[in-house]
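Enquirer: To start, I am sharing the structure in question, which I have written as structure tokens.
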Amino acid sequence: MARYHGKSGGVYGSTTGAGVAAPLASLSKWSLSMATDKVETTSFNDPNKTYVQGLKDVKGTFSGFWDNADDSLFDGADSADGVRLYLYPATSYQQAYFYGPAWLDASIDVDVNGAVTVTGNFVANGAWGRKP
């Protein structure tokens with residue numbers, strides 16, 4: 001089992017639900033949550049609280065730097081049928097990734113004392129999976 005530095009992470013995305021995914025330029029961070037819904041089912045005389053598990057709530061964030069040569073992030077946010085995302089913890093080990101269709105939001109932040117940055121959020125637009 002190997003460990004990896006985050007410097008080789010990556011986000012690939014399409015600009016439409018049927019498009020081909022390509023690296024999203026100048027991103028430097030991503031996160032993914034696959035938390036599940038939980039509903040309390042505690043009854044009288046139970047020794048502790050109990051729960052049943054529901055569906056996964058797949059969502060995440062990403063951030064990086066604005067690149068005037070790549071508008072795919074904002075094109076994807078404008079897509080009427082969503083995008084396809086592939087999230088790599090390490091592009092140097094491309095056998096491991098998370099993937100699925102998503103709805104995308106994108107933002108840009110311009111600061112007189114800093115670099116122009118972009119951020120975004122995504123939520124699942126269908127079934128997600130992971131490899132391996």
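Enquirer: Against the conditions (1) out of contact with any Asp or Glu (no Cβ under 6 Å at 6 or more places or on another chain); (2) surrounded by fewer than 17 Cβ atoms within 10 Å (Cβ to Cβ), where does Leu55 fall short? Just the number, please.
Expert: (1) is the only condition that Leu55 fails.
Enquirer: Here is a follow-up. I'd like to verify a number: residues in region 92-120 that are acidic (Asp, Glu) and touching a residue at least 24 places away in the same chain (Cβ under 8 Å), how many? Give the steps one after another, and end with the answer.
Expert: At the first step, the residues of region 92-120 found to be acidic (Asp, Glu) are 105, 109, 111.
Then drop every residue that is not touching a residue at least 24 places away in the same chain (Cβ under 8 Å), which leaves 105.
The qualifying residues number 1.
Enquirer: Does Thr61 satisfy the condition of being of a type in the set (Val, Ile, Thr) and either in a loop (DSSP other than H, G, I, E, B) or surrounded by 18 or more Cβ atoms within 10 Å (Cβ to Cβ) (or both)?
Expert: Judged against the criteria, Thr61 is not a match.
Enquirer: If you scan region 81-132, which residues turn out to be assigned to a loop (DSSP other than H, G, I, E, B), more than 16 Å from Ala21 (Cβ to Cβ) and β-branched (Val, Ile, Thr)?
Expert: Across region 81-132, the qualifying residues are Val110, Val112, Val116.
Enquirer: When you scan region 82-100, how many residues do you find that are of a type outside the set (Gly, Ala, Ser), buried (at least 18 other Cβ atoms within 10 Å of the Cβ) and either at positive phi or in contact with a Gly (Cβ under 6 Å, 6 or more places away or on another chain) (or both)?
Expert: Number satisfying all stated conditions: 3.
Enquirer: Those residues that are farther than 18 Å from Ser92 by Cβ and in contact with a Lys or Arg (Cβ under 9 Å, 6 or more places away or on another chain), I need them from region 1-20; list them, please.
Expert: Gly13, Ser14, Thr16, Gly17, Ala18, Gly19, Val20
Residue by residue, here is whether (1) among the hydrophobic types (A, V, I, L, M, F, W, C); (2) in contact (Cβ under 8 Å) with a residue 12 or more places away in the chain; (3) under 18 Å from Arg130 (Cβ atoms) holds:
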| position | (1), (2), (3) |
| --- | --- |
| Thr15 | no, yes, no |
| Pro23 | no, yes, no |
| Gly64 | no, yes, no |
| Asp71 | no, no, no |
| Ala90 | yes, yes, yes |
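A short reminder: the numbers here are calculations on the coordinates, not readings from a lab. Here the structure is a predicted model, which means the values were calculated and not measured. For neighbour counting, all protein chains shown are included, and Cβ atoms are generated from backbone atoms with ideal geometry for every residue, glycine included.
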